[in-house]
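Remarks on the structure that follows.
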Amino acid sequence: MSLISRFVLTGAMGLLVTLAQAAPAPWYYWRSRLDGARVCAQTSPGPNWERDSAAYDGPGCHPRRKVLVIPMR
């Protein structure tokens, strides 16, 4: 294997590891500066919108569901 091939392979593997650790973007409520309308989105809908809530981990501005695991005896 040539030195360039090894470099490209190492770079591709590093990129895959980075992508595998990526988390989804949080959801926010956004409020329009023009008419006060609110929408739920991961990114700003445009220049006249400002963030109107704290981050939600779950999809669609819903809190992530909590799962209880009860150990069996």
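General remarks:
- Segment 1-28, subset in a loop (DSSP other than H, G, I, E, B) and either over 22 Å from residue 63 (Cα atoms) or of a type in the set (Lys, Arg) (or both), residue modelled with the lowest pLDDT: 1
- Of the residues in segment 29-37, at least one is under 15 Å from the mean Cα position of the chain (by Cα), at pLDDT 90 or above and not in a helix (DSSP H, G or I).
- Tally, over segment 38-73, of residues that are in a loop (DSSP other than H, G, I, E, B), in contact with a Lys or Arg (Cβ under 9 Å, 6 or more places away or on another chain) and closer than 8 Å to residue 27 by Cα: 2
- Among the residues of segment 39-58, not a single one is modelled with pLDDT under 90, under 14 Å from the mean Cα position of the chain (by Cα) and either of a type in the set (Val, Ile, Thr) or surrounded by fewer than 10 Cβ atoms within 10 Å (Cβ to Cβ) (or both).
The values are calculated or read from the model by the stated rules, or taken from the named source; none is laboratory data. Bear in mind the structure is a predicted one, so any value in this text is a computation, not a measurement. Every residue, glycine among them, receives a Cβ derived from its backbone with ideal geometry; neighbour counts consider all protein chains shown.
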